[in-house]
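The values are calculated or read from the model by the stated rules, or taken from the named source; none is laboratory data. Just so you know, these numbers come straight off a predicted model, no measurement behind them. In this analysis, Cβ positions are derived from the backbone assuming ideal geometry, glycine residues included, and neighbour counts consider all displayed protein chains.
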């Protein structure tokens, strides 16, 4: 990195209040005597960088990520605090806004990556946020070195102080002003060695927990704006249908209703081309008036091109599709020859349903559009995507669009789509006023971007010694890459079937093929997208092979994984997959559940493991049936996600992922009939409640010196197969369709 | 043609109350002059901007909007203002005394319960109510908390309920000791 670039990368700024700011912003702004106005707000509504040192030596650290419950508002600032050697107990964390700007070298984000998806926040922050903290510390030490006339390397730091060789401690606050006048070092600053860590690896509680438990935490849906009207939409229930007739006479009579108008669905080639239901917007003084107005509407619909689509028809189409050739995703050896030579071939089909995200906080958006700028407040996972959507629909340059990020009531991939942002912009433009768009729960369940539906057909060829000689995985699914040009360019199987996933590279003959199904359902990523989608099939089938060949299900997996080694892995989470790390989590999980111990009283134990986005996890459950309900007596989750930044946060992610996995595997499916989604509430899309859940999830995180991999998604893919395997052990019923409970009760 | 949203939008049966509705919320008296069928949730949020009570479903299934009406946990999305005349409401914003958190709130922090945090106000309000009804709740009693959590914080909620019991017992013991010392 050249000196100039370095200065652009890390810059330092002194505010009028004497605060030192260190961040990733262009040096152009950094040494201006005038401080940008947005850095001076008394309430710090907008922080200009990552670190601020107040006169009382309190360190304020900016959190750049989208906090959707994965804990980045705590864990990302920990990375900065570590290298800054800040006293974590006195750190205050502030949520940063979206940091898009146009710098001397073009478009940039002054805070670096801010989106939440693919469990990448920690891996990204590991690269740049530690350096941001280290540079801030370097500057403070340099300031102290100048003050004491001592060489830089004779000074140490501890808990927001620089320490003189004689033990004298000087608070960072007293050095901030001098530090701000020093040029950052030309080369990256050396980072701490792990044995020096005081923050990383220590349990840290959610930084804004007090605000949450007192009701003061502000979620996107809690934002209000003077002069804004509240909008709700009556959306066409038919996929890609349209408005036929409207009678809004009664709706307009509701006190508080200000306007009623049609919002068309997106037309091909228009500025917003993803799925968006056509519908009727009701704009009112408050939510209740808007909702009453909506229920007073009389609207008829044109059903559109998918009027015949149903879950039953899709199943038939999937079975039919599997008779074709499909698109090869990976082919090793000669599977056809393996089939011919096989002593025995096992085959089974597994079905996974559409799923909705059902974030507790439904989609919503607050937007004010002015001729030369716009302000957006709302819960997001992709602020960059939201910014682009607003720019495309308003014609505003992205640097004129301010996006305030808030704590989000869940994400799970739902907010990677910005359809609700687009809707709010369309409504605000028509209304000519700032708009707060609200979605109700039925809007949310009926107009989601659903986890794809899929039918997996797995085959295993065995020789006379019951050794696995070949493995075929055929997957017919409603691809996530559809409809939109930029998505259609991607391989259709991407997001449903990963070339290098287990058991690729572990069997001599492998055939993986994808069969694309047409559907009108909007599809999108759902927590650990392709892994929750296919691990159920693969890890259930391995269990079936073990039973059929009278092998131990853990031993079989370990035998397949073989010696610890790294295999190439092209998908997200690569470039390598370490068989030894997967074997280690599986082995530890088997120990924890006492795999070898025989159970009585109708109890059964099941196990599964999976590699997700660079992390390794195994689950084991001990279950029994209690009438029509499943009792989960023990639930174990073992994970290896590299070095752990916040153990308390990782435990929460693994336990939460496990419970999400249980709730989803047991209960949840979105179905279609007559081209309409059938579920509309928590009554028919029954997220698991406390009574259904194990009292404890025993989370074991294996210690690791490797780079961290993130934690948001690894804790879910192996849940459904481990549960299905446990159910088989307890009942001898092999459930091959999700959700498990309905199918199990049908078969029992 | 079925109305997509008819179920949720249907107003709860509301008695017609002439004139303004007076009620007490977190110790203050308020007078509602708007729609009498407006559910308490929307009055709290849209009118008073007390946004700690959350919208999650609008039909009483999720519990994110739980408040106390005359000391009992109720789902505020189902309570029309017309039915609340003269009632005393406590919301999540009203259960701490000044800076002193309620034991349940403190327990939620101690056990680091929240993930996304959206349902937690409702979980806390439901737990405060549970602990009023059951001084020593069993695991089965705790299982009767029906508030939904999409992040899966249930095991930590369980721990936090027990932690709250411990905090309350400690506070009571300290009070008794202080009273003894006085006498």
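What the table below lists for this structure:
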| item | result |
| --- | --- |
| Any hit, region A:552-569, residues being out of contact with any strand residue (DSSP E or B) (no Cβ under 9 Å at 6 or more places or on another chain) and modelled with pLDDT under 95 | no |
| Selected residue (only one of B:115, B:87 is closer than 22 Å to residue B:153 by Cα and at pLDDT 95 or above) | B:115 |
| Strands (runs of 3 or more DSSP E) wholly inside region A:407-512 that include at least 1 residues being in the same structural domain as residue A:568 (by TED's automatic domain parsing) and within 23 Å of residue A:557 (Cβ to Cβ) | A:454-462, A:468-477 |
| Selected residue [over 16 Å from the mean Cα position of the chain (by Cα), at pLDDT 95 or above and within 7 Å of chain A (Cβ to nearest Cβ)] from B:46, B:37, B:110, B:100 | B:46 |
| Cβ pairs under 9 Å, 6+ apart, first in region A:304-327 and not assigned by TED's automatic domain parsing to the domain that holds residue A:477, second part of a helix (DSSP H, G or I) and surrounded by 17 or more Cβ atoms within 10 Å (Cβ to Cβ) | none |
| Subset tally (residues that are in contact (Cβ under 8 Å) with a residue 60 or more places away in the chain, outside any helix (DSSP H, G or I) and more than 14 Å from every other protein chain (Cβ to nearest Cβ)) for region B:129-178 | 0 |
| Enumeration of residues in region A:632-659 that are surrounded by fewer than 24 Cβ atoms within 10 Å (Cβ to Cβ) and within 12 Å of chain B (Cβ to nearest Cβ) | A:632, A:647, A:648, A:651 |
| Residues being more than 30 Å from residue A:343 (Cα to Cα) and modelled with pLDDT of 95 or more - total across region A:435-489 | 21 |
| Evaluation of residue B:89 against (1) crowded, with 17+ Cβ neighbours inside 10 Å; (2) assigned to a loop (DSSP other than H, G, I, E, B); (3) under 17 Å from the mean Cα position of the chain (by Cα) (one fails), failing number | (2) |
| Single condition residue A:703 does not satisfy, out of (1) more than 12 Å from chain B (Cβ to nearest Cβ); (2) assigned to a helix (DSSP H, G or I); (3) out of contact with any helix residue (DSSP H, G or I) (no Cβ under 8 Å at 6 or more places or on another chain) | (2) |
| Any pair with Cβ under 8 angstrom, 6 or more apart, that starts in region A:66-79 at a residue that is modelled with pLDDT under 95 and ends at one that is in a loop (DSSP other than H, G, I, E, B) | none |
| Matching entry among A:629, A:674, A:684 (being touching a helix residue (DSSP H, G or I) at 6+ places or on another chain (Cβ under 8 Å) and over 21 Å from residue A:534 (Cβ atoms)) | A:629 |
| Matching residues in region A:208-232 - criterion: being farther than 27 Å from residue A:72 by Cα and at the interface with chain B (Cβ under 9 Å from one of its Cβ atoms) | A:230, A:232 |
| Conditions (1) at the interface with chain A (Cβ under 8 Å from one of its Cβ atoms); (2) more than 21 Å from residue B:90 (Cα to Cα); number of the one not met by residue B:124 | (2) |
| Scope region A:305-321; condition within 31 Å of the chain's Cα centre (by Cα) and assigned to a loop (DSSP other than H, G, I, E, B); matching residues | A:306, A:309, A:310 |
| Residue match in region A:676-693 (condition: farther than 21 Å from residue B:56 by Cβ, within 10 Å of chain B (Cβ to nearest Cβ) and not in a helix (DSSP H, G or I)) | yes |
| Selection status of residue A:274, in the same structural domain as residue A:428 (by TED's automatic domain parsing) and surrounded by 16 or more Cβ atoms within 10 Å (Cβ to Cβ) | yes |
| So residue B:46, is it surrounded by 18 or more Cβ atoms within 10 Å (Cβ to Cβ), assigned by TED's automatic domain parsing to the domain that holds residue B:24 and in contact with a helix residue (DSSP H, G or I) (Cβ under 6 Å, 6 or more places away or on another chain) | yes |
| The one condition in (1) within 14 Å of chain B (Cβ to nearest Cβ); (2) under 19 Å from residue A:679 (Cβ atoms); (3) surrounded by fewer than 14 Cβ atoms within 10 Å (Cβ to Cβ) that residue A:312 fails to fulfil | (1) |
| Hey, residue A:597 surrounded by fewer than 19 Cβ atoms within 10 Å (Cβ to Cβ), without any contact (Cβ under 8 Å) to a residue 40 or more places away in the chain and in a strand (DSSP E or B) or not | no |
| The lone exception for residue A:93 - which of (1) within 12 Å of residue A:59 (Cβ to Cβ); (2) in a helix (DSSP H, G or I); (3) in contact with a helix residue (DSSP H, G or I) (Cβ under 7 Å, 6 or more places away or on another chain) it fails | (2) |
| Residues within region A:546-556 that are assigned to a helix (DSSP H, G or I) and either without any contact (Cβ under 8 Å) to a residue 24 or more places away in the chain or over 19 Å from residue A:737 (Cβ atoms) (or both), tallied | 6 |
| Unique residue being in the same structural domain as residue A:539 (by TED's automatic domain parsing) and under 23 Å from the mean Cα position of the chain (by Cα) when the list is A:722, A:691 | A:722 |
| Residue that is farthest from the other protein chains (Cβ to nearest Cβ), among those in region B:49-75 that are surrounded by fewer than 21 Cβ atoms within 10 Å (Cβ to Cβ), in contact with a strand residue (DSSP E or B) (Cβ under 7 Å, 6 or more places away or on another chain) and part of a loop (DSSP other than H, G, I, E, B) | B:70 |
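Yes/no matrix, rows are residues, columns are (1) touching a strand residue (DSSP E or B) at 6+ places or on another chain (Cβ under 6 Å); (2) under 20 Å from residue A:480 (Cα atoms); (3) modelled with pLDDT under 95; (4) surrounded by 19 or more Cβ atoms within 10 Å (Cβ to Cβ):
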| residue | (1), (2), (3), (4) |
| --- | --- |
| A:326 | yes, yes, no, yes |
| A:350 | yes, yes, no, yes |
| A:360 | no, no, no, yes |
| A:374 | yes, no, no, yes |
| A:397 | no, no, no, no |
| A:409 | yes, no, no, yes |
| A:414 | no, yes, no, yes |
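Results for (1) in contact with a helix residue (DSSP H, G or I) (Cβ under 6 Å, 6 or more places away or on another chain); (2) within 14 Å of chain B (Cβ to nearest Cβ); (3) under 30 Å from residue A:295 (Cα atoms), shown as yes or no for each residue.
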{"site": "A:431", "(1), (2), (3)": "no, no, yes"}
{"site": "A:434", "(1), (2), (3)": "no, no, yes"}
{"site": "A:442", "(1), (2), (3)": "yes, yes, yes"}
{"site": "A:445", "(1), (2), (3)": "no, yes, yes"}
{"site": "A:463", "(1), (2), (3)": "no, no, no"}
{"site": "A:477", "(1), (2), (3)": "no, no, no"}
{"site": "A:480", "(1), (2), (3)": "no, no, no"}
